[in-house]
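Novice: I have a structure here, written as structure tokens, and I will follow up with some questions on it.
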Amino acid sequence: MTAKQTPSATSARRSSAGGGNRTGKNATAAQRRAAQKQAAAQRALAAERGQRRQWLLVGGAVLAVIAVVGVLVGIKLAATPANHSSAAQAGSASQQVTSAVSGVPPKVLDSVGAGSIVTPPTALTGAPLSAQGKPRVLYVGAEYCPYCAAERWALAAALSRFGTLSGLGEVSSSPTDVYPNTATLSFHGAGYTSTYLTLTAKEIEGTQRVGNSYAPLDKLDPADATLFENIGKGSFPFVDIGGKYAISGASYDPSVLQGKTQEQIAAALSDPNSPIGKAIDGTANVITAAVCRVTGNQPGNVCTSAGVTAAAKALPASG
């Protein structure tokens, strides 16, 4: 009996041992599955962290770009002059305006004579001013200048009697100066052709503010800068007519132009009874008389006209 039980015990032990091995194998598989799950979770977490870092890097780059753009915009704004107190920049004068200025009817000019001119040109005693074998007219002004705004109308009308102006601009004087926003012309970039004289016309400054001054436009050559400083005292406007006559400041009261547009001013030049016609046409006649003194009274039909002859009486004797 004992001998028979031994194999059974052995068999039981083997069976028991076999059952223990299967349990160990099952435990090992579970551990592997748990380890695999843990590894997968760690990989997912690492991927999530990597993606988060990637988004942070992208977001940081975007913020950096925005910051750089902001700095550049700030620099641009700081470097750009404020325009809140500046007049509009010059544009081209309309055909309507240029035709009216260059074609004031002779009968109107004759009727006006010296008109309501307040300050006639002064006589100069220096050397003649000439170029290309002809007398030269030098104009120095600034687009923001209200006194220049007034004088340009008369100067343009007078010069048109001796030749042809081209490329005139339209602009308004400074809104923060006296006689604010006076509608006027601009000689910046203008040309002139004439058989009788030459013209140098410079607008030294524009209408756009840069700090406490205005943006520069044209530049004088050294000789003209010397005339501007010594004779014109550096004041706008300055006109040297052949070295024989000089205009410094406005020749008439600029207030007659207040509230008028370029078109309205130009149209009034054909009315000898209007305050604008008397002021601008009268000044144009006086300037014409001064120019006739340096051209030898040429052209004769202009220099001997009734309006110019009457206006010549306002001129002092030249040196």
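The values are calculated or read from the model by the stated rules, or taken from the named source; none is laboratory data. The structure presented is a predicted model; accordingly, all values stated were derived computationally and were not measured. Cβ coordinates were reconstructed from backbone atoms using ideal geometry, including for glycine residues, and neighbour counts include every protein chain displayed. Just so you know, the surface numbers come from the protein's heavy atoms only, side chains and all, with ligands and any DNA or RNA stripped out. Shrake-Rupley method; radii C 1.70, N 1.55, O 1.52, S 1.80 Å.
Novice: Could you please tell me which pairs satisfy a Cβ distance under 8 Å, a separation of 6+ or placement on different chains, a first residue in region 199-210 that is at pLDDT 95 or above, and a second residue that is assigned to a strand (DSSP E or B) and of a type in the set (S, T, N, Q)?
Specialist: The qualifying pairs are GLU203/SER186; GLU205/SER213; THR207/SER172.
Novice: While we're on this one: Out of ASN285, ASN297, which single residue is among the polar types (S, T, N, Q), in contact with a helix residue (DSSP H, G or I) (Cβ under 7 Å, 6 or more places away or on another chain) and open to solvent by less than 10 Å² (accessible area, probe 1.4 Å)? Please lay out each step first, then the result.
Specialist: Values: ASN297 fails: open to solvent by less than 10 Å² (accessible area, probe 1.4 Å).
One residue alone meets the criteria, ASN285.
Novice: Kindly evaluate LYS278 against the criterion of being open to solvent by 50 Å² or more (accessible area, probe 1.4 Å) and within 24 Å of GLN95 (Cα to Cα). Please lay out each step first, then the result.
Specialist: Details: open to solvent by 50 Å² or more (accessible area, probe 1.4 Å): yes; within 24 Å of GLN95 (Cα to Cα): yes.
The answer is yes for LYS278.
Novice: Moving on. Being in a helix (DSSP H, G or I), more than 21 Å from VAL302 (Cβ to Cβ) and open to solvent by less than 10 Å² (accessible area, probe 1.4 Å) narrows it down to one of ALA158, ALA154, ALA149, so name that one. Can you show your working first?
Specialist: Values: ALA158 fails: more than 21 Å from VAL302 (Cβ to Cβ); ALA154 fails: more than 21 Å from VAL302 (Cβ to Cβ).
Going through ALA158, ALA154, ALA149 in turn, just one is in a helix (DSSP H, G or I), more than 21 Å from VAL302 (Cβ to Cβ) and open to solvent by less than 10 Å² (accessible area, probe 1.4 Å): ALA149.
Novice: Would you tally the residues in region 229-254 being in contact with a Leu (Cβ under 8 Å, 6 or more places away or on another chain) and surrounded by fewer than 21 Cβ atoms within 10 Å (Cβ to Cβ)?
Specialist: Residues that pass the stated criteria total 2.
Novice: Among the residues of region 236-264, count how many are in a loop (DSSP other than H, G, I, E, B), over 22 Å from SER130 (Cα atoms) and out of contact with any Phe, Trp or Tyr (no Cβ under 7 Å at 6 or more places or on another chain). Reasoning before the result, please.
Specialist: Just the residues of region 236-264 that are in a loop (DSSP other than H, G, I, E, B), to begin with: 236-237, 242-244, 249-253, 258-261.
This time we only want the ones that are over 22 Å from SER130 (Cα atoms), so: 249-253, 258-261.
Okay, now just the ones that are also out of contact with any Phe, Trp or Tyr (no Cβ under 7 Å at 6 or more places or on another chain), so 251-253, 259-261.
Residues that pass the stated criteria total 6.
Novice: Find the strands (runs of 3 or more DSSP E) located wholly in region 172-220 whose residues include 1 or more that are among the aromatic types (Phe, Trp, Tyr) and touching an Asp or Glu at 6+ places or on another chain (Cβ under 6 Å), and list them. Give the derivation first.
Specialist: Details: elements: 183-186, 191-194, 198-203, 205-210, 213-216.
Hits in region 172-220: 213-216.
Novice: Looking at the structure I just gave you, is THR182 in contact with a helix residue (DSSP H, G or I) (Cβ under 6 Å, 6 or more places away or on another chain) and crowded, with 24+ Cβ neighbours inside 10 Å? Please lay out each step first, then the result.
Specialist: Values: in contact with a helix residue (DSSP H, G or I) (Cβ under 6 Å, 6 or more places away or on another chain): yes; crowded, with 24+ Cβ neighbours inside 10 Å: yes.
Yes.
Novice: Let me ask something else. Can you go through ALA114, ALA127, ALA100, ALA87 and tell me which one is modelled with pLDDT of 50 or more, surrounded by 14 or more Cβ atoms within 10 Å (Cβ to Cβ) and outside any helix (DSSP H, G or I)? Even if it seems obvious, please write down each step before you answer.
Specialist: Details: ALA127 fails: surrounded by 14 or more Cβ atoms within 10 Å (Cβ to Cβ); ALA100 fails: outside any helix (DSSP H, G or I); ALA87 fails: modelled with pLDDT of 50 or more.
Only one candidate qualifies: ALA114.
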